[in-house]
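Step one of this worksheet: look at the structure below.
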Amino acid sequence: MVGSTRSKKKSEEYLRQRENGFNLTGVHQERLPQYNALLDRNLRHHFESRPLQNHLNELGLIDQRGRIVDLDKQKSKLFIIDQEFKLAEEAERKKQREEEELRRRVQMKRHDALHDARQREKLLQLKEEKKIAREIVQAAKGYNTVEAQEDNAATLSAGETALSEMNAAFASCLSLVCPPIQYPPHCRFNPVRDAADTAEIEARLEEFFLHAKQLEQLFLNDTTETLSSLSLESSTDVEVDADTAAGRQQQNELELEILNLEMELAEKTDLIDKYTDVVRGWEGKFKRLDHRMSPDRE
């Protein structure tokens, strides 16, 4: 037992001394030889394969003739090639940024053009609405003055009376179809609320056209009576010629007056149709607004 412990101690001491004498400083100072598989003669048959040579040519390890390219000796050329690649990539990125900036500017110009077009359209629409409202107010004021002059004048003919009645009927139609007060779009106001207002509009329009027909009939009757009286009262040839010329002149004047009245009637009819379309458009807008705000929709 004692001998075994002594031998164990001796072996440990021997290993310790041997370990202290072991040194690798000289080994670390020596460099391992550099190995290049392309220069290995044992692999010559392996590198004679055509697909492998094409692959090595694509990698840049050999040239097209099969000669080995020494990368350590071609560092300057590799640096130039690397710089050319970097410059090409930078130029590509710059070109892409310029294209994106140009595309963004074109989009902004398109949006600005659309916005300007919408603004101009709204401005023209507002100007048209103001012009229509101004015409309505001027027409109402003009026809009111005509009514006042009709009350003050005592010696008016039947034709002038019918004309004033027609103007009054037209003014009443305008005042009902398109009131001079312009309400904003968000105001829930409808000029024509129910069928009663629509019926009143139709009645006033019928009254207006009835007065127009009466006026035209009065002018025609007056012209007929004038011509008949001229034909009956003519006694001599000279008087007949003079009266005929005067009758023709008066007939031409009456026909011209009738044409002017017909033109005015057509203009007023177009104006009534235009304002009726405006009222119908507002009717549709207010109906859609009421439908959106109705609690049944929720």
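The values are calculated or read from the model by the stated rules, or taken from the named source; none is laboratory data. Because the structure is predicted, anything quoted here is derived from the model rather than measured. Positions of Cβ are backbone-derived with ideal geometry, glycine not excepted, and every protein chain shown enters the neighbour counts.
Okay, here's what the table says:
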quantity: Filter result for residue 47 (in contact with a Leu (Cβ under 8 Å, 6 or more places away or on another chain) and not β-branched (Val, Ile, Thr)); calculated: yes
quantity: Candidates 83, 138, 125, 149 - the one that is more than 30 Å from residue 71 (Cα to Cα), part of a helix (DSSP H, G or I) and modelled with pLDDT of 80 or more; calculated: 125
quantity: The range 38-79, residues that are among the aliphatic types (A, V, I, L, M) and over 60 Å from the mean Cα position of the chain (by Cα); calculated: 38, 39, 43, 52, 56, 61, 62, 68, 69, 71
quantity: Selection within the range 88-138 - of a type in the set (Lys, Arg) and within 30 Å of residue 279 (Cα to Cα); calculated: 118, 120, 122, 127, 130, 131, 134
